[in-house]
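Inspection log for the structure reproduced underneath, given as C-alpha cells.
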Amino acid sequence: MIHFLDIHAVTDSHAEEIEAAALKVVRSGWYLRGKATQEFEQAYATFIGTSHCVGCANGLDALALILKGYLQLKVMEPGDEIIVPANTFIASVLSITNCGLKPVFVEPDEKTQQIDETLIEQAITPHTRAIMIVHLYGRCAYTEAIGKLCKQYNLKLIEDNAQAHGCRYMNESSPLHGKRTGSLGDAAGHSFYPGKNLGALGDAGAVTTNDKNLADTVRAIGNYGMEPKYYCHTQGVNSRIDEIQAAILSVKLKYIDEENERRRQIAEIYHRNLPKGICRMNFDGTKRQDNVFHIFPVFCKKRDELQKFLAAKGIETQIHYPVPPHKQQCFPQFHHLSLPITERLAQTELSLPISPVITENEALFIAEAINDFQWND
Ligand SMILES: Cc1ncc(COP(=O)(O)O)c(C=O)c1O
C-alpha cells in the first residue's frame, strides 16, 4: 500500500531530535509564550526573510489575525472586500468572512491553478482593501502584475502560505527574485498542520510581516487583546502557538529545504513519466525553486474512475478540493456565482502521493499505473 502521506514515517525520520525537543519543554515547566516560541519565531522570520514572526494556533487564525489586525488599525472596516482565488481551501475564505469582510472570488489560470493575474483588475472596486494570494499546492502565486496592482490601487497584499513553506519567487527581472513566499507582500499566514511541508505534531500557525505595528497588533489580538497583561485595548482571541509545537517546528525547520528538494525529485519523476495530457506541472529548471510540491495534482475527466483504479493497485490518492468555496453549503450567498474554471478543476483534480518519504520506485510505479489507465477516452 502506498499511502497518500505517511506522516508516521515523516516524523520517524527526525524522531530522536523531535522527542528530545518535546521532552525538554515538558521538563521546563513552561508551556506557552516562552523560550521555545521565541526561538522558533526568530528562526522562522529569518528563514522566510521578514523582520517579524508571530506564532499562533493554526493557519486559519494566522490569516484571520492579519485581517483583525488591519481592522484594528483602521486599514479596513467591516464590509470591505478582499480579493481571493476562487479555487482555494475553504480556510482562506473563512478568514475573510469570519472577520465581517467580503470575499471577491477570482478565477485561476487553468494551467497553473494560481489566481489569474489578468482577471484581478476587473474585480477591484472602491471597497477593495486587499488581495489575498494563495500559493496553492506549494507553487508561487505572486506575479509582478499583482504587485503593481496593489501599489496602483493602494491594496494590501496578503499571502496564504499554508502550503508553500520554503517556496521562492523566481523571476530574474524582479527585485523580489529569490525571495521566499511569505515575504513577498505586506503580511502572510502560515499553517503548520501536521500534513503540511513544515508540519507540527498538532495544530500551529504563524504570521510573518515586516510591519512592526501589524506584528504587535496581531500578537496582542492573539492574546485576548492584552497589552500589557490584563490591559485590553481591543477585543482579542486566544490563539497562541504552544511551546512543544514551537520546539518541534524548530527541529523540522532545519530540514525543510532538503525535504522540499526531495519532493521536487519525486515531482520530476512524475513529470517525466506521466502522460502529458493529465500532468500540468511546468518543470522549468531555472525556476525549480518556485514550487515546493505540497501537492502534486493531475487533472482527468475520469478522475473518480482513475482514483478507484489506483486504489485497486494499492495507491492512495486525495482530491484537493471536491467542492469549491462558493459551492459550499455554508455559503448559500455565493451559490449563484458561475466560476467555470474553478468548478472544472474541482471536478477533475486528483492529488498523487508526494512527500519526503516516497521512494523513486514508488513514484515510478504510480506513474506506470496511470499510464495503464485509459485516461483520455
Ligand atoms: C491554503 C490553506 N489556507 C489555510 C489553511 C488553514 O490552516 P490550518 O489547518 O492550520 O488552520 C490551510 C490548511 O489547512 C490551507 O491549505
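Points worth noting:
- Working note: Cα gyration tensor of the range 50-168, eigenvalues times five, square-rooted, sorted largest first, giving semi-axes of 20, 18, 13 Å.
- Residue-averaged 222 nm ellipticity for the chain, from DSSP H runs of 4+ at -39500 (n - 2.57), nearest 500: -11000 deg cm²/dmol
- Distance from the range 127-198 to the range 271-306 (C-alpha centre basis), Å: 21
- From least to most packed, judged by other beta carbons within 10 angstrom and beginning with the fewest, 191, 355 follow the order 355, 191.
- Given charges at Cβ of Lys, Arg, Asp, Glu: the range 256-371 dipole, positive-most of 348, 289, 366: 348
- The chain: C-alpha gyration tensor shape, a/c 1.5 cut-off, then a/b vs b/c: oblate
- Footprinting exposure proxy ranking of 230, 169, 70, 31, fewest other C-beta atoms within 10 angstrom first, gives 230, 31, 169, 70.
- Three-way shape call for the range 149-288 based on the alpha-carbon gyration tensor, with the a/c threshold at 1.5: oblate
- P(r) tail fraction, the range 231-377 - alpha-carbon pairs more than 18 Å apart, %: 67
- Lysines with Cα under 22 Å of residue 229, excluding same-chain neighbours fewer than 8 positions away: 35, 68, 212
- Projecting the Cα positions of 88, 199, 55 onto the charge dipole of the chain (unit charges on Cβ atoms of Lys, Arg, Asp and Glu, taken about the Cα centre) puts 55 furthest along the positive direction.
- Whole-number percent relative contact order across the chain, with pairs defined as alpha carbons under 8 Å at least 6 apart: 22
- Choice from 99, 330, 140 showing the highest fluctuation, given a GNM over the chain with Cα pairs closer than 10 Å: 330
- Other residues whose C-beta falls under 13 angstrom from the C-beta of residue 167 contribute a net charge of +3, scoring Lys and Arg +1 and Asp and Glu -1.
- Other residues with beta-carbon under 9 Å from the beta-carbon of residue 57 carry, at +1 per Lys or Arg and -1 per Asp or Glu, a net charge of -2.
- Neighbour net charge for residue 1 - beta-carbon separation under 11 angstrom, K R +1, D E -1: -2
All of the numbers you see were taken from the coordinates with simple rules; none came from a lab. What you are looking at is a predicted structure, and each value in this text was computed from that prediction instead of being measured. Don't worry about glycine lacking a Cβ; one is built from the backbone with ideal geometry, like all the others, and counts go over all protein chains shown.
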